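Derivation of every value follows stated rules applied to the coordinates shown; laboratory data play no part. Keep in mind that what you see is a predicted model, and the values were worked out from it rather than measured. Cβ coordinates were reconstructed from backbone atoms using ideal geometry, including for glycine residues, and neighbour counts include every protein chain displayed.
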C-alpha cells in the first residue's frame, strides 16, 4: 500500500470556516482526514490528510481553494508567522513512496492553486530548486503584512501564479519533506521574555540545533507560556536531545516544565528514539514494534528470508 | 483485519532443530513468522507468529509437535525455568480480537497438543479457571527435573493429556494474555550474586513490582550479567518505573548499565509510555502515532466522526 500525507496550514481558527475546509477533505475520494487542530492564540488550522498520491493532492487543493475564498487575511492576527490564508502545504512520504515523488506532488499542487485560484505560490525545502529560497524564513520575511512590498522585489517572484499581492489571501507555500516532529512544551511562567530566551537557545538560526525551529507564545487561558518547536530531521537531531537542552535552559531561569505534547501526529521513529535514549536501548527500530511488524507481515505475507 | 499473535517458547538452541520448528510455522497458510530469537545461555527458542485465529493455532500446534519429536529434555540445560520441550505458549490479541477469544484458542491448542502428541498441558493465567494454578511459577515448581514427582501429586494433574511424565518432552503450558514487554538490561559486572540481588528487588514474588518477573543470568561471551525481565501488564506497571528502580539498585552496587534491549517485539504502548514519562507528554496514545493513524485511516476509510 502507498501512503502520502499532506499537512496544510490555514490561517484561521473560526469554527465555521474550519468546518467548511475540513468538509472539502472529507468529500475527496481516496483521501482521509486523520487529524486537525486549531487554536486562537496561533489562529491557525493544521490539517493532516493521508491517501494515495493523486487523492491527497486533490484534497489539499479543494481545501485550499475553499480557504482562499473564506479567509480574509486583512482581519487576521496570530502569533505564528504566515504569508496568507493557505500558509504552508507540505507533502510527506509515509509508506512505499519516495521523497522525490512528493516533490512532484508539491509542484502539481502549487501550479494547481495558482491556476485555479490565482494564488501566488512559493516552493520551499527540497521542492525548491533555487538554494537561496529553500528556507521558509526567507520566504516568510516580512510576513503577510509586508507581502505587498516583498512580492514585487527582484528575485522574490513566486514560483507559480502572479507576482501580485491580493489582500484577502496573500501568498501560499508548498513543499515536500520527511515527516517532522512538532512538539510543544508548556512552561510554568507567564513571562514571555524568559520563554523567548529559552526558545532562542534552541532555534537553528539563533545558534540552536540546526534542524529546530522554536518559538515562544503566551497562552492566556492557562496563564503560562509555551515553547513551540518543529524538528525537521529528528533522525539527525533527536527529540530527547532538544528536550534535554530545553530542560537545561529552563533550569537556568528556574522555570518548571508543566507538560508537553506532540503538535499533530507523532512520528513513530521520534518516539522510539526518545525511549531508546532514556532506557539505553541499542537496537530498537520501527520494524521491531510489535503492531507494525504484525501489520506488515499480514500485508506482505510474512517476513522475507 | 483481525490479528492474533502466539509466542511459543521451546527448550532448544540447536540451530538444526530451530530451523525445523520454524519450517512448520512458515508452511502454515495464513500464519506468519514475525520474529524468533534463541541463545545458548537460556538454551531457549522464542517464536512470534501472527495471523488469523485458526491459522495461528494451527502453526503453533505444528511447530510444537515438531519440537516434541526433536527435543530431548534429558539432555537439556539452561538458565530459564522450563517444564518441557514446549515450555509455554501464550495467545495474544493484537487487533480486532478480544482476550476471551484468545482464551478459547489456548484451550484449543492445549487439547490439540495433548491429543496429537500425548503431551500433558497446563493452562495458566486468564485461560486457567482454577485460581490456585493461574501462576506460571506454581505450574513450573520443581521444573522439568522434578516433574515426574510433581505431576502425579493430587491437585497437580494437567488440564489436558495424561498425568504422566515422559522424559523426552516433559509438559507444556498454554494460556492467553495481553501483549507483554520482555526487557533485558546488561550490567557491567560479571558478579552474578550482585545481579541476582538487583533482579530480586524487581521480582513480584520477592517484594518487587506486582507485574514483573525478573531474573539474572551470566553471559559468558560478554563476561557480564543480564537482568531479564518480563512485565506482564505494562499499563499498570510501566517500563520506565521498573527501569528507574533498576537504576537505583544498580547505583547501590556501583554497577553501570551497559545497554538494554526488548526481548522479542516491543509493544507500541510500552514504548509510548517511556517517551511520555521522560518528556512529560500528557496525551500520547497509539492512535496519535502518525504511521498507525495513517494505516488505520486507509483501512477504515477515514476517521469516524
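Brief remarks follow.
- Rounded Å value of the spacing that divides the Cα centres of the stretch B:205-226 and the stretch A:199-275: 36
- Using a cutoff of 8 angstrom between alpha carbon atoms and counting only pairs six or more residues apart, the relative contact order for the stretch B:47-204 works out to 31 percent.
- The GNM of chain A, with springs linking C-alpha atoms under 10 angstrom apart, assigns the highest mean-square fluctuation among A:55, A:276, A:13 to A:276.
- Gaussian network model of chain B, Cα within-10 Å springs - most flexible of B:89, B:121, B:258: B:258
- Calculated mean residue ellipticity, 222 nm, the protein assembly as shown: -10500 deg cm²/dmol, from DSSP H runs (n ≥ 4) at -39500 (n - 2.57) each, averaged per residue and rounded to 500.
- Cα extents for chain B along the principal axes, largest to smallest and rounded to whole angstrom: 55, 54, 39.
- DSSP beta bridges fully contained in the stretch A:3-176 are about 70 percent antiparallel.
- With R₀ set to 41 Å, the beta-carbon distance separating residue A:210 from residue A:72 gives a calculated FRET efficiency near 0.65.
- Three-way shape label, the stretch A:181-288, alpha-carbon gyration tensor, a/c 1.5: prolate
- Isotropic mean projected area of the C-alpha convex hull, the stretch B:120-183 (nm²): 4.9
- Every pair of different Cα atoms in the stretch A:41-97 enters the Kirkwood calculation, which places the hydrodynamic radius at 12.8 Å.
- Its relative contact order, with pairs defined as Cα atoms under 8 Å and 6+ residues apart, puts chain B at 15 percent.
- Residue A:200 paired with residue A:245, simple spin-label distance in nm, labels 7 Å along Cα-to-beta-carbon: 1.5
- Scattering from the stretch A:3-176 was approximated by placing one identical point on each alpha carbon and applying the Debye formula without solvent; log10 I(q)/I(0) at 0.10, 0.12, 0.14 1/Å stands at -0.32, -0.47, -0.65.
- Length gained when the stretch residue B:96-residue B:191 is fully extended (0.36 nm per residue, less Cα-Cα span): 29.6 nm
- Highest-fluctuation residue, B:151, B:103, B:49 considered, GNM on chain B with Cα pairs under 10 Å: B:151
- Within the stretch B:179-222: backbone nitrogen closer than 19 Å to the residue B:254 label point (7 Å, Cα to C-beta): B:187-198
- Debye-sum result for the stretch A:1-75 in log10 I(q)/I(0), which assumes one identical scatterer on each alpha carbon, at q = 0.14, 0.20 Å⁻¹: -0.39, -0.75
- Of all DSSP beta bridges in the protein assembly as shown, antiparallel share, percent nearest 5: 80
- Inter-chain neighbour count for A:45-52: the average number of beta-carbon atoms from partner chains within 10 Å of each residue's beta-carbon is 3.
- 10 °C / 1.306 mPa s Stokes-Einstein diffusion coefficient of the protein assembly as shown, Kirkwood radius on C-alpha pairs, µm²/s: 59
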